[in-house]
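Each remark here refers to the structure printed beneath this line.
The values are calculated or read from the model by the stated rules, or taken from the named source; none is laboratory data. What you see is a predicted model, and the numbers here were worked out from it, not measured in a lab. We place every Cβ from the backbone using ideal geometry, glycine too, and count neighbours over all the protein chains shown.
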2 protein chains.
Amino acid sequence: MHSHFQPVDLKKAYRLLNHGPTVLVSASHDGVDNVMAAAWACALDFDPPKVTVVLDKIARTRQLVEGSGYFVIQVPTAAQAQLTHQVGTRSLFDQPDKLASIGVQLARVEGYTAPLVQGCSAWLMCRVIDEPHNQHTYDLFIGEVVAAWADDRVFRDGHWAYENADPQWRSLHYVAGGHFYAIGEAVVVDSQG
Amino acid sequence: MHSHFQPVDLKKAYRLLNHGPTVLVSASHDGVDNVMAAAWACALDFDPPKVTVVLDKIARTRQLVEGSGYFVIQVPTAAQAQLTHQVGTRSLFDQPDKLASIGVQLARVEGYTAPLVQGCSAWLMCRVIDEPHNQHTYDLFIGEVVAAWADDRVFRDGHWAYENADPQWRSLHYVAGGHFYAIGEAVVVDSQG
């Protein structure tokens, strides 16, 4: 990656998802890479950090997660809205050149096979905690976050800095049918109150 | 409630949470009401709609959920930021008049004991799907949404209308330490693309 790609303290990794962004889920197995979009991803624990994500049985990415035991949750930016919608609506089953046709660029971090999507604002490398009942009954996967990174132009010192970054860095929050909201203005309350 | 309090089609109830807002969780058991804040709530399924929410073992609200088998997930507004932070940081264990001191006003809907917090933008009445392993190991509760409502000044015809409502209606997205973001501008992509 580049000089703005910086590690995030695992104890603060939950903050990358706390505001509820729509995410991209990537995985790799047996030489096959894929990326999907997921609105249903959520922090589950602080330390060690854990996340939940819903992966439908029809998703090719789910097979890669089950095969490899790893996935990456990453936070796409407003600049990636079209890409996010496209990886969420096209299937690798139907379109073997899905990623290339959408222009998704992947990167690897030493020690991990699961690929990172370039241009995102944050990445959480997750190891699947095997919970067959949840996976089968609810399509619900639990992952332990084993490493995390963010782009320091928009997340630094353990905090999002959306208010001081270009609006193109804002997180996306999906509703339906190609409609997202970008994250908006800061609201700060008296934390002693 | 009031004339703006309108039922939401259960098949579209997931849209009330899809953009990842911080929520309030309320419950009632044996005559005790409580409300807490939760950043870790998420849609889990469309039809029948289900949700996940993380309820820490130290939360009094968790006991009320376990005792009654019901909880309400509601979406607070930017106007309720201070209230949201206060119900999330004060405990009914320490402060028996917690709700009154914060100014939380509750309402009931016929047929349900779990209370709704007035002034929110949306409400999901949830019945606990008993999953003892998830509850014990991960503090993770799964609920089936059995009824849903929204304030039609900000959610109507199955869609959020933040862009056409007063900014005080915007959802809150918590980061840490009294810092939230409000939801921001609409981002619409070519859904055929």
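Computed quantities for the displayed model
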| quantity | calculated |
| --- | --- |
| Test for residue B:148: is it under 15 Å from the mean Cα position of the chain (by Cα) and either of a type in the set (A, V, I, L, M) or within 30 Å of residue A:86 (Cα to Cα) (or both) | yes |
| Verdict on residue A:87 being buried (at least 23 other Cβ atoms within 10 Å of the Cβ) and more than 14 Å from chain B (Cβ to nearest Cβ) | no |
| Enumeration of residues in segment A:92-106 that are surrounded by 15 or more Cβ atoms within 10 Å (Cβ to Cβ) and either hydrophobic (A, V, I, L, M, F, W, C) or out of contact with any strand residue (DSSP E or B) (no Cβ under 8 Å at 6 or more places or on another chain) (or both) | A:92, A:99, A:102, A:104, A:106 |
| Residue in segment B:163-182 that is more than 30 Å from residue A:133 (Cα to Cα), within 13 Å of the chain's Cα centre (by Cα) and among the hydrophobic types (A, V, I, L, M, F, W, C) present | yes |
| Test result for residue A:114, closer than 23 Å to residue A:45 by Cα, among the hydrophobic types (A, V, I, L, M, F, W, C) and surrounded by fewer than 18 Cβ atoms within 10 Å (Cβ to Cβ) | no |
| Among the residues listed as B:100, B:122, B:78, B:107, the single one being within 14 Å of chain A (Cβ to nearest Cβ), over 13 Å from the mean Cα position of the chain (by Cα) and not acidic (Asp, Glu) | B:78 |
| Segment A:164-178, residues that are modelled with pLDDT of 95 or more and either crowded, with 19+ Cβ neighbours inside 10 Å or in contact with a strand residue (DSSP E or B) (Cβ under 8 Å, 6 or more places away or on another chain) (or both) | A:167, A:168, A:169, A:170, A:171, A:172, A:173, A:174 |
